[in-house]
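Below is the structure I would like to discuss, written out as structure tokens.
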Amino acid sequence: MVVKDFFLRCRMFISVHWVAILAACIVGIICVLPQIVFRVSLGNQYQGILMTQTPNEESYLAMLQEINDGHLAVASMPFYEYKDQLPLLPPTVPIIYVGFSNIFHLSLVDTLVVSKFFLPALLFFFVYLLLRVLSGENTRTSAFFAITGGTLVVFGFDLVDYHTVANYVRGIDVSAGFLIWTRPVNPISGLILLFVFLLCLWLLLTKSKRLMIIPAGAALALMMASYFFSWSVALAIVGSIGLRALVLRRWKNSVDLCLVVITGVVLALPYWIMVWRAAHLPWYVEASARIGLLTTHAPHLNKFLFFCVVIFLLASCMPFFIKKNKLSGEPLEAWWFCLSFLLAGFLAYNQQVITGREIWYYHYVFFTIPLGYVALLVASWYFFRPYFRRLWLVSIVVIGVASLWLGVYTQVSAYKHGFPYFKNIQSNAQIFNYFNKAPLDCVVLANEDDEGYYSINIPAFTHCNTYVSRERFVIAPLERFYHNYLVFLRLRGITAEQIVDYIATHHDEGNSFLYAQLQSKLGYPDPVLAETLRSIPDDYKAFLKKDFLSELKKYRLDYILSIEPLSPSVQRSLPSLLKVFQSGQIYIYTLGEIK
């Protein structure tokens, strides 16, 4: 009977939302289609290297590789020496990816490709569901309205950037990357969980469905254990709603909100214990600064968030707002609920005014923009639609079409931009296949150009690690990165006479290896970096006088990869050097005695 009732409910749900489900599938297809077309276009030339055209996609693939190789903590993606330490953040969502991969017998690359369909489709559908319940109606108009909202969130992220939109309108091809919501793991997993959380919260507070405490708490726990920016926004929303509940003496709502937070904290207790233990590691403070932790009390103002607040409040001043709420409390509750989104954005952006600590607040746009869209759409539904129904309907159509056009244009533009490059690098699969036959966790030192392709991609596509890496999301001492840079310079053949001029003309390269504060990339002062760069010339001259083989032995090393034959000076300093593989202009050497 229970099973029959469950299937009956599913059937009813599908019959009500089948159009949105179909729309979600179309959204997923648009997001994943470039990867499919790329494979089909290449045919036998495709060797398993997907089009990684979203930020840090190779790093996420490296995390999956680490988990698949048995290093569940992913404490160190690139380096062998720190794998058994506690991580800066536990890889909660990547573990789910690997589990999915193993259950369905998919490669890690194929798992990422599949995620580009399902995750954007899920994001669309949960945005749709939230807008349906906030509209307070079960009509075709509310369904169309909610579908438009889902389309806006998934495809219209860049509509807030008028410079980008203006370039698109003029036909200027500026997109080198796919839609941000096709990026694996984060921020999309955090945003999906946030919308699940908000949907449960609404049902809990307005429909008295106390069973929603459990899924709301579970969503909050998963956010806590995966992405700081999503759960901090979620808690800010709870705080905004809870403050109103206390003022109105809605004790039941206050208790329910507390239970949601308590449930989330309890379920995420393993995460909090891991963070507490990791915080006692000797390099934790340094590593936290490298990934964006900054000590400051400076306030921040987000222009789009401010715009949303102004429009939202202006819409609320229309006479309809007062008139309608004399008849029903539903619009008022939706109004307060959406207002909490906007207030939470300001709280998240400016909590450092009180705490004195902020973590790379630029990532909050991944949440404040979608929530701002939802708030503006709800305002239009309640305060604009009743007066100007036809104009409102035209506006919704325009928003939906513009968002869909922008999404398709971005995907097509990025595909055209990246196709030649990713077609050409399929030959690197020979290199990756060679290393995948090597012992697990082997270490490769790459002598390459400034882009660092092999240092980035070897951990992503093989079971090996890299000796030199610019990956900073790892608890490791600054001394390791400094040593890495000196080794990198020596492999490049930089002489003692060249080092001063080289450092002066390659400041960005030195910054990428040695920055101690992530904010230095935005022009903030980084005293540690400045002092380190000043010390390089003298230290490098001394490094050149040391036995190179002994310096390399400080850390595990199994192979040296070079995009050209190693210079005679390097070969002389490594007498046991032996070439074992060559693919085109890529050379791989071993140093047998180095372990």
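The values are calculated or read from the model by the stated rules, or taken from the named source; none is laboratory data. Source: prediction; values computed, not measured. Note that each Cβ is placed from the backbone with ideal geometry, even for glycine, and that neighbours are counted across all protein chains shown.
Testing residue 89 on (1) in a helix (DSSP H, G or I); (2) among the aliphatic types (A, V, I, L, M); (3) at pLDDT below 95, one condition comes back false. Which one is that?
(1)
Further question on the same structure: Could you pull out every one of the helices (runs of 4 or more DSSP H) wholly within the stretch 501-592 that has 2 or more residues that are modelled with pLDDT of 90 or more and of a type in the set (D, E, K, R)?
527-545
Return the residues of the stretch 336-383 that are surrounded by fewer than 19 Cβ atoms within 10 Å (Cβ to Cβ) and outside any helix (DSSP H, G or I); say none if nothing qualifies.
Once the filter is applied, which keeps residues that are surrounded by fewer than 19 Cβ atoms within 10 Å (Cβ to Cβ) and outside any helix (DSSP H, G or I), the stretch 336-383 yields 351, 356, 357, 359, 360.
A further question follows. Out of 304, 312, which single residue is part of a helix (DSSP H, G or I) and touching a Ser or Thr at 6+ places or on another chain (Cβ under 8 Å)?
Of 304, 312, the one residue that is part of a helix (DSSP H, G or I) and touching a Ser or Thr at 6+ places or on another chain (Cβ under 8 Å) is 304.
Look through 148, 141, 182 and report the one residue that is outside the structural domain of residue 334 (by TED's automatic domain parsing) and touching a Lys or Arg at 6+ places or on another chain (Cβ under 6 Å).
Values: 148 fails: touching a Lys or Arg at 6+ places or on another chain (Cβ under 6 Å); 141 fails: touching a Lys or Arg at 6+ places or on another chain (Cβ under 6 Å).
Just a single option satisfies the conditions, and that option is 182.
Among the candidates 545, 553, which residue alone is in the same structural domain as residue 468 (by TED's automatic domain parsing) and within 38 Å of the chain's Cα centre (by Cα)?
Only one candidate passes the filter, namely 553.
Now for a separate question. If I filter the stretch 9-29 for residues that are under 26 Å from residue 458 (Cα atoms), touching a Pro at 6+ places or on another chain (Cβ under 7 Å) and in contact (Cβ under 8 Å) with a residue 60 or more places away in the chain, do I get at least one hit?
No: zero hits.
If you go through the stretch 501-518 one residue at a time, how many are surrounded by 18 or more Cβ atoms within 10 Å (Cβ to Cβ) and small (Gly, Ala, Ser)?
Of the residues in the stretch 501-518, 2 are surrounded by 18 or more Cβ atoms within 10 Å (Cβ to Cβ) and small (Gly, Ala, Ser).
Is it true that some residue in the stretch 10-27 is touching a Leu at 6+ places or on another chain (Cβ under 7 Å) and buried (at least 19 other Cβ atoms within 10 Å of the Cβ)? Break it down into steps so the answer makes sense when it comes.
Residues of the stretch 10-27 that are touching a Leu at 6+ places or on another chain (Cβ under 7 Å), as a first pass: none.
No - not one qualifying residue is present in the stretch 10-27.
Please work out which residue is farthest from the chain's Cα centre (by Cα), limiting yourself to the stretch 484-526 and to residues that are more than 21 Å from residue 468 (Cα to Cα) and in contact (Cβ under 8 Å) with a residue 60 or more places away in the chain.
Ranking the candidates gives 524 first.
Can you tell me which residue is farthest from the chain's Cα centre (by Cα) among those in the stretch 132-169 that are aliphatic (A, V, I, L, M) and surrounded by fewer than 24 Cβ atoms within 10 Å (Cβ to Cβ)?
Checking each candidate, the answer is 143.
Got a number for residues in the stretch 474-500 being surrounded by 18 or more Cβ atoms within 10 Å (Cβ to Cβ) and outside any helix (DSSP H, G or I)?
4
All but one of (1) touching a residue at least 12 places away in the same chain (Cβ under 8 Å); (2) more than 20 Å from residue 426 (Cβ to Cβ) hold for residue 479; state the number of the condition that does not hold.
(1)
Within the stretch 255-277, how many residues turn out to be within 30 Å of residue 521 (Cβ to Cβ), over 22 Å from the mean Cα position of the chain (by Cα) and among the hydrophobic types (A, V, I, L, M, F, W, C)?
1
Something else now. Looking only at residues in the stretch 353-382 that are out of contact with any Phe, Trp or Tyr (no Cβ under 8 Å at 6 or more places or on another chain) and modelled with pLDDT under 90, which one is nearest to residue 399 (Cα to Cα)?
Result: 362.
Could you list all residues from the stretch 66-85 that are assigned to a helix (DSSP H, G or I) and surrounded by 23 or more Cβ atoms within 10 Å (Cβ to Cβ)?
66
Further, regarding this structure: Of a type in the set (A, V, I, L, M) and in contact with a Phe, Trp or Tyr (Cβ under 7 Å, 6 or more places away or on another chain) - does that describe any residue in the stretch 225-233? Even if it seems obvious, please write down each step before you answer.
So the first thing to find is which residues in the stretch 225-233 are of a type in the set (A, V, I, L, M), and the list is 225, 233.
Narrowing the set further to residues that are in contact with a Phe, Trp or Tyr (Cβ under 7 Å, 6 or more places away or on another chain) leaves 225, 233.
Yes, that holds for at least one residue.
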